[in-house]
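Read through the structure below, which is laid out as structure tokens, and then see the notes.
The values are calculated or read from the model by the stated rules, or taken from the named source; none is laboratory data. Since the structure is predicted, the reported quantities are computational estimates derived from the model, not experimental observations. All Cβ positions, even for glycine, are placed from backbone atoms using ideal geometry, and neighbour counts span all protein chains on display. Please note that ligands, DNA and RNA were not included when accessible areas were found on the heavy atoms of the full protein model with its side chains. Shrake-Rupley method; radii C 1.70, N 1.55, O 1.52, S 1.80 Å.
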Amino acid sequence: MVSVDLKGIHTVKAKGNVYYYAWRGGPRLKGEPGTDAFMKSYNEAIDERRIPDSAKFRTLVTLYRASPDYQKLAASTKKNWSGWLDRISAHFGDTSIRVFDKPEKVRPLIRHWRGTYAATPRAADYGLQVLSRVLSYAVDPLSKIATNPCEGIKQIYTNDRSAIIWEEQDIATLLTKCSTEVSWGVRLAALTGLRAGDLFRLAWTHVGENAIVISTGKSGHRREAVIPIYAELRDLLAEIPKRQVTILTNSRKRPWSKDGFSSVFTKARDEAEEAKLIPEGLHFHDLRGTAATKFYLAGLSIRVIAEIMGWEEDTVDKIIRRYVSRTAATEALIKQIDKAKARTKTVKLSVKPSK
């Protein structure tokens, strides 16, 4: 048998057998490496990948990958979605696009596929999200189907983390387990509400006299987060030394990578959690909720906070009701009312009465 070295072949070993695929997530190849059957199936797979049958679903995946919509996604999102697009193409690739224009027929197929990941509900819903995005692109601008059959399919994962935050005592406890460099990252996250991807690329040039202004990766840099620099945030920025272009740096005075910070942060959090010093299940992302409470106590309205965080007003309201004491909330409201009254009075004084 002739040995053939083909690039991209994906090998899977299961129950004593070896299976070969044209690429990860690609079609399974026939025969054994080096045989005519193997080479034929490999060449067919490659040809089909280059020029997919325009009537088959895999064409939609190919077109979506090449679309401006996909290219505008953040690099981390594209990395996560790429694997799911491969899985989706492998499963639905040979299905006619016309089937996806018949919701009553295709929805059971979609639910069944999503059900194969039911053991990991969040992953199952994530896969459904990616499939839905491809189908939305098929509706508009491609006009391949009339409606998106994923719409109306409920998520499996129902745990709502929107009202989970790090409280002050939790942060204080965590900081006893952290280095100074990690503590700066934790505190800056709790004061700005920025997502991790934006936090670790936050530069000193983003800091203005009265606000931090940075385009958000979640929006593909089409929208900006405008975070007012209130007293506590200003003090922290004054405390952090300017070592690099980016604000946050590690102990080697180099910019943090998101993964590098995550590993150190997770270790410190796990130590505090195992010692039962903080509640179980807190994530770094939950510091965004902490920031929402700080914005509120600093005098920002729920509407403005929702705009900064990119959340619904109901989500912000839920956090405020749960974590901000009635006294503190009342004081914050009084502060907002007094400011509004002062502005109104100033406007009236500036208008001269007519004779």
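Determine, for each peptide in 233-245, 292-304, the mean count of other beta carbons within 10 angstrom over its residues, then list the peptides with the highest first.
292-304, 233-245
Along the charge dipole of the chain, pointing to its positive end and built from +1/-1 on Cβ of Lys, Arg, Asp and Glu, which listed residue (His10, Ile145, Thr62) has its Cα farthest out?
Sorting the options by dipole projection puts first Ile145.
Please state the charge dipole magnitude for the range 233-333, taken about the Cα centre, from unit charges on C-beta atoms (+1 on K and R, -1 on D and E), reported in debye and rounded to the nearest 20.
500 debye
Amide H neighbours of Ala211 under 5 Å, at least 5 residues apart or on other chains, H built in the peptide plane: list them.
Close amide H contacts, sequence-distant or interchain: Ile229.
Would you list which aspartates and glutamates come within 17 Å of Lys144, measuring only between C-alpha atoms, while excluding same-chain residues fewer than 8 positions from it?
Partners within reach: Asp53, Asp69, Asp94, Asp101.
Starting from the amide H of Ala203, placed 1.01 Å from N in the peptide plane, find each other amide H under 5 Å away whose residue is 5 or more places distant or on another chain.
Under 5 Å from the amide H of Ala203: Ile247.
About its Cα centre, how strong a charge dipole does the range 202-249 have in debye, to the nearest 20, once Lys and Arg get +1 and Asp and Glu get -1 at the Cβ?
280 debye
So what is the relative contact order for the chain, in percent, with contacts set as C-alpha pairs under 8 Å and at least six apart?
13 percent
Using a simple charge model, +1 on the beta-carbon of Lys and Arg, -1 on the beta-carbon of Asp and Glu, nothing else, what dipole does the chain show about its Cα centre, in debye to the nearest 20?
800 debye
Could you state the accessible area per residue of the range 94-217 in Å², with a 1.4 Å probe and every protein chain left in place?
On a per-residue basis, 48 Å².
State whether the range 205-253 is rounded, prolate or oblate according to the following rule on the C-alpha gyration tensor (a ≥ b ≥ c being the square roots of its eigenvalues): a/c under 1.5 gives rounded; otherwise a/b larger than b/c gives prolate, and the remaining case gives oblate.
Oblate is the answer for the range 205-253, as a/c is 1.5 or above yet b/c matches or exceeds a/b.
Just reorder Arg24, Arg254 by solvent-accessible area, largest first, 1.4 Å probe, all chains present.
Accessible-area ranking of Arg24, Arg254, largest first: Arg24, Arg254.
Given labels modelled 7 Å from the Cα in the Cβ direction, how far is it in nm from Glu209 to Ser251?
Each label point lies 7 Å from its Cα, and together they span 4.0 nm.
Rounded to the nearest 0.05, what FRET efficiency is calculated for Glu312 and Arg107 with R0 set to 22 Å and r the Cβ-Cβ distance?
According to the calculation, E is roughly 0.20.
Over the Cα atoms, compute the radius of gyration (one decimal) and Dmax (the largest Cα-Cα distance, rounded to a whole number) for the range 92-140, in Å.
In order Rg, Dmax, the Cα atoms of the range 92-140 give 11.2, 33 Å.
For the chain, what number results from the quotient of the Cα radius of gyration and 2.2 N^0.38 Å?
1.28
If I compute solvent accessible area with a 1.4 Å probe over the protein chains, what percent of it on the chain is carbon and sulfur?
The nonpolar share, carbon plus sulfur, comes to 51 percent.
Hey, what do the phi angles of the range 208-223 turn into as Karplus ³J(HN,Hα) couplings, whole Hz, using 6.51/-1.76/1.60 and θ = phi - 60°, x for Gly and Pro?
x, 5, 10, 7, 9, 10, 9, 5, 9, x, 4, 8, x, 6, 8, 10
How big is the shadow of the Cα convex hull of the range 47-154, averaged over all directions, in nm²?
Its average projected convex-hull area is 6.6 nm².
Rounded to the nearest 500 deg cm²/dmol, what is the calculated helix-only ellipticity per residue at 222 nm for the chain, with -39500 (n - 2.57) per DSSP H run of length n ≥ 4?
-16000 deg cm²/dmol
Step through the residues of the range 237-251 one at a time and calculate ³J(HN,Hα) from phi using the Karplus curve (6.51 cos²θ - 1.76 cosθ + 1.60, θ = phi - 60°), rounding each to whole Hz and writing x for Gly and Pro.
4, 6, 6, 6, x, 8, 8, 9, 5, 7, 6, 8, 9, 8, 5
Sort 180-193, 205-218 by packing, meaning the average of other beta carbons within 10 Å per residue, with the highest value first.
180-193, 205-218
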